[in-house]
Amino acid sequence: MMNNTLRNQCNVPPGSVITGKWNGNRYRVLKELGFGANGIVYLAELNGQFAALKLSNNGMSITSEMNILKAFSKVQGSALGPSLLEADDWEKSGIILPFYVMEYIKGDSFLEFIKAKGPSWTGVLMLQLLTSLEVLHDQGWVFGDLKPENLIVTTPAYKVRCIDVGGTTKQGRSIKEFTEFFDRGYWGLGSRKADQQYDLFAAALVMINASYPKRFQKKGDGQKQIMEAVNVKAELRPYKNVIEKAITGRYQNANQMRQDIMGVLSRRSNGTVSSTRQTNKGYTKQKRQTLKNMQPQTRTQAKKKKGGFAETFLLVMIVSLLYAIYLYGQIM
Ligand SMILES: Nc1ncnc2c1ncn2[C@@H]1O[C@H](COP(=O)(O)OP(=O)(O)OP(=O)(O)O)[C@@H](O)[C@H]1O
């Protein structure tokens, strides 16, 4: 939680200008984007370009976050964090406040996106997230504080981006920052040592959070409770094995989890198409019988049969479209 001193010192009303003491850039503050324990993030504008500016009174935390962003920017094609633009100090009423400026990531938070588009998107977004996690893990890091608030789904590309790299920890060390619901230690399912499985546990809980926006508290056996929650929700049931493996640390890496989710998604799309075909077959046969006795309905029947094909075609198109959007997001 943010302390009062930080709130008072770093509070900047829209329209104010933050001028860098060393580089001299003048950022016009447009609005507050959000705040965390270490600072307030503003949407700002410089020479007609938007940027996110994080202002703090804690030089150490700002430096550490910046170092992580710098490390991420060296990873080619990475969607891990926003790119770092510059760092400077702002002298406000005699107090020096450090800030850094990063790429503004425009979009909805993960949960807002799922709420608007529906839970069928969870799997597709997880594929993207796991690709980013794999890159991060390969570089020897663990994201740590993985939760929907730290994930933005960009528009119009529908790409998942991680923000708030403050919890990112070198593998083997103790997790720096965590949020109970996503923390395997809280659920009694492992330690707080930074390893790949720590993030995969949190990724599974992100999927659960998409179906339980209010979250829930631990009562008794953590694994049993989580799996019971999965069973209750129809949209989570196809991912039962994936979630169970992730929360019990049985994935060696993010790619294994990704492959399993890919399997669920392709089974689901095949299942949808073939069950529609079966329904159409049964429907046609039954109707043919009836037709022998009711000749005048022939035209209606032909129309309905056509409607069945149209329905199948539409479904195939929707599934293909979802994949196309996903692939587009991967390439961008
Ligand atoms: N680059 C960015 N682009 C768009 N919005 C951002 C960006 N960085 C941060 N935000 C917004 O600002 C909010 C606060 O960011 P911050 O990094 O301080 O988050 P936090 O997770 O609460 O931090 P902390 O770990 O310091 O407590 C985020 O939740 C997000 O809504």
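The values are calculated or read from the model by the stated rules, or taken from the named source; none is laboratory data. All of these numbers come straight from a predicted model, not from anything done at the bench. Note: ideal-geometry Cβ built from the backbone for every residue, glycine included; neighbour counts use all protein chains shown. Ligands, DNA and RNA are excluded from the accessible area calculation, which covers all protein heavy atoms including side chains. Shrake-Rupley method; radii C 1.70, N 1.55, O 1.52, S 1.80 Å.
Quick check on my filter: what residues within segment 11-61 are over 21 Å from Ser93 (Cα atoms) and among the hydroxyl-bearing types (Ser, Thr, Tyr)? Answer for segment 11-61, where residues must be over 21 Å from Ser93 (Cα atoms) and among the hydroxyl-bearing types (Ser, Thr, Tyr): just Ser61. Only one of the numbered conditions (1) surrounded by 21 or more Cβ atoms within 10 Å (Cβ to Cβ); (2) outside the structural domain of Asn23 (by TED's automatic domain parsing) is violated by Leu97, and that is (2). Of all residues in segment 1-22, those that are in the same structural domain as Leu53 (by TED's automatic domain parsing) and assigned to a loop (DSSP other than H, G, I, E, B) have Cβ atoms under 6 Å from Cβ atoms of residues that are basic (Lys, Arg) and open to solvent by 90 Å² or more (accessible area, probe 1.4 Å), 6 or more apart or on another chain, in Pro14/Lys31. Figure legend. Inter-residue proximity from segment 135-162: first residues in the same structural domain as Pro213 (by TED's automatic domain parsing) and on the phi > 0 side of the Ramachandran plot, second residues within 14 Å of the ligand (Cβ to nearest atom) and among the polar types (S, T, N, Q), beta-carbon distance below 9 Å, spacing 6+ or different chains. Indicated pairs: Gly144/Thr168; Gly144/Thr169. The residues of segment 23-38 that are more than 16 Å from the ligand (Cβ to nearest atom) and either in a loop (DSSP other than H, G, I, E, B) or within 14 Å of Leu97 (Cβ to Cβ) (or both), listed by number, are Asn23, Gly24, Asn25. Within segment 66-109, the set of residues being at pLDDT 90 or above, more than 11 Å from the ligand (Cβ to nearest atom) and among the aromatic types (Phe, Trp, Tyr) comprises Trp90, Phe99. Among all positions in segment 129-136, there is at least one residue which is polar (S, T, N, Q) and within 29 Å of Glu103 (Cα to Cα).
Rundown of residues vs (1) open to solvent by less than 20 Å² (accessible area, probe 1.4 Å); (2) assigned to a loop (DSSP other than H, G, I, E, B); (3) assigned by TED's automatic domain parsing to the domain that holds Gly263; (4) within 27 Å of Ala52 (Cβ to Cβ), yes/no style:
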| site | (1), (2), (3), (4) |
| --- | --- |
| Tyr186 | no, yes, yes, no |
| Tyr198 | yes, no, yes, yes |
| Ala203 | yes, no, yes, yes |
| Lys214 | no, yes, yes, no |
| Gly220 | no, yes, yes, no |
| Ile226 | yes, no, yes, no |
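Considering only residues of segment 127-153 that are polar (S, T, N, Q) and under 10 Å from the mean Cα position of the chain (by Cα), which is nearest to the ligand (Cβ to nearest atom)? That would be Asn150.
So that you can scan it fast, the table gives a plain yes or no per residue for (1) assigned by TED's automatic domain parsing to the domain that holds Leu146; (2) β-branched (Val, Ile, Thr); (3) open to solvent by less than 40 Å² (accessible area, probe 1.4 Å):
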site: Arg28; (1), (2), (3): no, no, no
site: Leu55; (1), (2), (3): no, no, yes
site: Asn67; (1), (2), (3): no, no, no
site: Leu85; (1), (2), (3): no, no, no
site: Asp88; (1), (2), (3): no, no, yes
site: Ala116; (1), (2), (3): yes, no, no
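Take the conditions (1) surrounded by 17 or more Cβ atoms within 10 Å (Cβ to Cβ); (2) within 15 Å of the ligand (Cβ to nearest atom); Val124 misses just one of them, which is (2).
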